[in-house]
C-alpha cells in the first residue's frame, strides 16, 4: 500500500524495499473546467483550458548544483547520458486519467557523483497563453516499484498555486547509502525551465 505524503515530509525508499532499483516516477494533473471561452479564446477545448504542462528532472551534484545541459532531462533531452534516467515523452494536454508524464529511473545506475534528482513541472508558453497553476487540479507525483508495479509513495499537491507558473514537486536524494524522497510542492513564478534552473547554478 502506498504511503501518502504531506508537503515537507520525507521517506526512505530503499530502507524497507531491499534491492529496489528500477522505479517509475509518474506526474499527473487535470485542467480545471471553465465556463465558456472567457479571455482564453481558442485555447479552450470543451470548456476546459488546453494547458501544456512539462515535467522535467534536474540532476544535481552534492552542492545542489547542475553541472551541464545534459543534466537537464526534459522533452528536448529525454535520456541522461548515464542511461539511468529516461523521460517517456511530452503530454500536450493533461487529458485523461492516471499519469500525464512518466520518468524511469534506475537507482543502481545513477552515477555516484549525483546526489539529488529534482522533479519539476512548468507550463509551456505560460506568458503568451496567460496560464498558471491555479488552472490545474488533482496534481500529484507517485513512485512505482517496477519489479512488482507496487505504488510506493504518492504526494497529492493540495496548495493553492494561483499565479504560480512553475512547481518544484519532489526530490529523490541520497542519504547515508539510502535513496529518499521528499515532497516539496513549492510554487514559483519562473516562466521557463531556464528560469527554474537559476537556483541551481
Listed peptides 115-122, 145-152 by packing density, highest first (mean Cβ within 10 Å): 115-122, 145-152
Ordering of 105-114, 134-143 by packing [mean C-beta count within 10 Å, highest first]: 134-143, 105-114
Percent RCO, i.e. relative contact order, over the chain, from Cα pairs under 8 Å lying at least 6 residues apart: 30 percent
Normalised contact order of region 66-149, rounded percent, pairs of Cα under 8 Å and 6 or more residues apart: 17 percent
Read-out volume of the Cα convex hull per residue in Å³, derived from the coordinates shown; its label in [x] 103; [y] 130; [z] 115: [z]
Region 96-201: relative contact order in percent, alpha carbon pairs under 8 Å with at least 6 residues between: 27 percent
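Every number here is computed from the coordinates shown, using simple stated rules; none is lab data. Remember, it's a predicted structure, so these values are computed and weren't measured experimentally. Glycine also receives a Cβ, built like all others from the backbone with ideal geometry; neighbour counts cover every protein chain displayed.
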